[in-house]
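Novice: I'd like to ask some things about the structure below.
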Amino acid sequence: APRIGVLALQGAVAEHADLLHGLGAQVVPVRRPDQLASLSGLVIPGGESTAIARLAHPQGLLPAVRRRMDEGMPVLGTCAGLILLSETVVPEAGLAGLDTIGGLHVRTRRNAYGRQRDSFEAEVSVSLPDPGGSSPGPRPMRAAFIRAPLIEQVGEGAEVIATHGGRPVAVRQGRVLAASFHPELTGDDRLHRELVRIASSPEALAASPEAALQAP
Ligand code: GLN
């Protein structure tokens, strides 16, 4: 079984671990840089990006994740995880001066869905390979948006794999997957399934020559 880490500093850790267990992965809660070496994939959960970055900072954990990502480790980030993976986060007080992960060519804006809709569930349209097959979606997925970030701009090498109301809500860049919503809360395991597939299959890697993430 592939060893998949879940960054376990703050946020929705247990829900991701449950989904990954259900997919047959060996799950490792990650709190230190030295735990990254043995992983074949990593989930960065939702929560509060500022809190995660602050807790990770003393050990340089997020830059260590970035080094593994640049070496080709597959990563799935949800909500706060997407924010931490974003190459550009629209500047505001919260993350200023903290290391994040970066590398995913998107610009995100934190808490951008507005106060009246801080949290909502919606059906989004997701394009991913079918379980056991190869033809990509799009298929509906129930998604929970909780003080969700908005993907404002999608840059080179990043591909939109899910939309809601015409806006991108999930992207893929080589071996990196990220969503502005929480798939783990509505129990849809397709994004996790794709992470496990990429993490387990050398063929899947060979199939995407652009897979190795370029440092900008
Ligand atoms: N608003 C949070 C942040 O800025 C993200 C919310 C979430 O992960 N559900 O980090």
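The values are calculated or read from the model by the stated rules, or taken from the named source; none is laboratory data. Predicted, not measured: the structure shown is a model, and the values here were computed from it. Note: ideal-geometry Cβ built from the backbone for every residue, glycine included; neighbour counts use all protein chains shown.
Novice: Is it fair to say Gly132 is out of contact with any Ser or Thr (no Cβ under 8 Å at 6 or more places or on another chain), at pLDDT 95 or above, away from the ligand (no atom under 13 Å from the Cβ) and over 22 Å from Glu15 (Cα atoms)? Working first, answer last.
Specialist: Working: out of contact with any Ser or Thr (no Cβ under 8 Å at 6 or more places or on another chain): yes; at pLDDT 95 or above: no; away from the ligand (no atom under 13 Å from the Cβ): yes; over 22 Å from Glu15 (Cα atoms): yes.
The answer is no for Gly132.
Novice: Could you grab me the full set of residues in region 146-164 that are farther than 14 Å from Val126 by Cβ and surrounded by fewer than 24 Cβ atoms within 10 Å (Cβ to Cβ)?
Specialist: Ile146, Arg147, Leu150, Glu152, Gln153, Val154, Gly155, Glu156, Gly157, Ala158
Novice: Being of a type in the set (Ser, Thr, Tyr) and at pLDDT below 95 is the filter here; which residues of region 168-194 pass it?
Specialist: Answer for region 168-194, where residues must be of a type in the set (Ser, Thr, Tyr) and at pLDDT below 95: just Thr186.
Novice: Sticking with this structure for a sec: Step by step: first the residues of region 135-156, then only those that are more than 16 Å from the ligand (Cβ to nearest atom) and in a loop (DSSP other than H, G, I, E, B), then the one that is modelled with the lowest pLDDT. Which residue is that?
Specialist: Result: Ser135.
Matching residues to (1) within 13 Å of the ligand (Cβ to nearest atom); (2) at pLDDT 95 or above:
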residue: Gly46; (1), (2): yes, yes
residue: Ala64; (1), (2): no, yes
residue: Arg67; (1), (2): no, yes
residue: Ile83; (1), (2): yes, yes
residue: Ser86; (1), (2): yes, yes
residue: Leu95; (1), (2): yes, no
residue: Gly102; (1), (2): no, yes
residue: Ala112; (1), (2): yes, no
residue: Asp118; (1), (2): yes, no
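Novice: Name the one entry in Gln26, Gln35, Gln59 that is free of Cβ contacts under 8 Å to residues at least 40 places away in the same chain, surrounded by 18 or more Cβ atoms within 10 Å (Cβ to Cβ) and over 22 Å from Ser180 (Cβ atoms).
Specialist: Matching residue, one of Gln26, Gln35, Gln59: Gln35.
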